[in-house]
1. When residues of segment 132-159 are filtered for being under 13 Å from Tyr32 (Cα atoms), modelled with pLDDT of 95 or more and among the charged types (D, E, K, R), how many remain?
2. For segment 19-69, what are the residues that are among the basic types (Lys, Arg) and over 18 Å from His81 (Cβ atoms)?
3. Among the residues of segment 22-50, which ones are more than 13 Å from Pro96 (Cβ to Cβ), part of a helix (DSSP H, G or I) and either touching a Cys at 6+ places or on another chain (Cβ under 6 Å) or not small (Gly, Ala, Ser) (or both)?
4. Between Gln140, Gln87, which is in contact with a Leu (Cβ under 9 Å, 6 or more places away or on another chain), more than 19 Å from Lys5 (Cβ to Cβ) and not hydroxyl-bearing (Ser, Thr, Tyr)?
5. Is one or more of the residues making up segment 51-58 without any contact (Cβ under 8 Å) to a residue 12 or more places away in the chain and touching an Asp or Glu at 6+ places or on another chain (Cβ under 9 Å)?
6. Where the second residue is surrounded by fewer than 23 Cβ atoms within 10 Å (Cβ to Cβ) and acidic (Asp, Glu) and the first is more than 15 Å from Gly91 (Cβ to Cβ) and lies in segment 133-145, which pairs have Cβ atoms under 8 Å and are six or more apart or on separate chains?
7. Within segment 59-83, restricting attention to residues that are in a strand (DSSP E or B) and among the small types (Gly, Ala, Ser), which residue is nearest to the chain's Cα centre (by Cα)?
8. In segment 14-43, how many are closer than 21 Å to Arg60 by Cα and over 17 Å from the mean Cα position of the chain (by Cα)?
Amino acid sequence: MLETKRLLIREFSLEDAEDVHVYASNPEVAKYMIWGPNTEADTKAFIRLALEMRKQEPRRVYEFAAVLKSNGSLIGGCGIHVSEPSQGEIGYCFHPDYWRQGYASEAAKAMLWFGFRRLGLHRIYATCRPENIGSAKVMQKIGMKYEGHLRGHMRHKGQWHDSFQYSILEDEYEEDSTAEARLL
C-alpha cells in the first residue's frame with residue numbers, strides 16, 4: 001500500500017467491483033479509454049485480472065485502487081505496467097466527481113515514485129488521446145515531457161486513434177516532499 005497526502009493507493013479486492021463499476025460504466029469516463037463503458041461483467045473481469053496479475057513472477061503489472069484517506073471511499077484507480085528494458089507505462093482513471101481536484105496528479109506522481117524508487121525503472125511514460133486535455137495536463141504537472149504525437153497507432157472502438165506521448169527519466173525525476181508517496 002502507498003500513502004500520499006490525501007490518498008491510500010492499494011491493491012484492488014473483489015469487494016471493490018461495485019465502486020469501480022460506478023465510474024467505469026460512465027460514458028464520460030470511458031470516452032478516451034481503450035475500454036468501456038463497462039458492463040458489470042467487464043468490471044468484474046477487470047477486478048479478477050488485477051487480482052491475477054498480483055501472482056506474476058516477476059510481477060510486471062500493478063493495478064491499484066485510489067482511496068480517500070479521509071473517508072475510505074474508492075474514487076479511482078492508477079497503475080504501472082513494466083516493460084523491458086527497465087521502462088514502465090503509468091495510467092490513471094477517476095470518478096468524475098473527483099476530476100480537477102488534483103487527485104489524478106497525486107496518484108500519477110505516486111506511480112512515478114513507485115516506478116523509480118521501488119521498481120528501479122529508468123524511464124516512465126504515459127499516453128493520452130489528443131482531445132483529453134485533462135490527462136495531458138496531469139502528465140505535464142508531474143514533470144513528464146512531451147515526446148510526440150503518435151498518429152493512427154491504436155485501433156479500438158471501431159476506429160484508429162492518435163495519442164500524445166509523455167515521459168520522464170529517472171535522472172529528471174524530482175521527489176516532492178509534500179506529495180511524495182511512501183510505502184505502508
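1. Result for segment 132-159: 0.
2. Lys31, Lys44, Lys69 - these are the residues of segment 19-69 that are among the basic types (Lys, Arg) and over 18 Å from His81 (Cβ atoms).
3. Result: Glu40, Asp42, Thr43, Lys44, Phe46, Ile47, Arg48, Leu49.
4. Unique residue meeting the criteria: Gln87.
5. Checked against the condition, which is being without any contact (Cβ under 8 Å) to a residue 12 or more places away in the chain and touching an Asp or Glu at 6+ places or on another chain (Cβ under 9 Å), segment 51-58 yields at least one hit.
6. Close Cβ pairs (under 8 Å, with a partner that is surrounded by fewer than 23 Cβ atoms within 10 Å (Cβ to Cβ) and acidic (Asp, Glu)) amount to Gly143/Glu172; Gly143/Glu174; Lys145/Glu172.
7. Among residues in segment 59-83 that are in a strand (DSSP E or B) and among the small types (Gly, Ala, Ser), the one nearest to the chain's Cα centre (by Cα) is Gly79.
8. Matching residues across segment 14-43 total 1.
The values are calculated or read from the model by the stated rules, or taken from the named source; none is laboratory data. It should be emphasised that the depicted structure is a prediction, and the values quoted were computed from it without experimental measurement. Cβ: placed from backbone, ideal geometry, glycine included. Neighbour counts: every protein chain shown.
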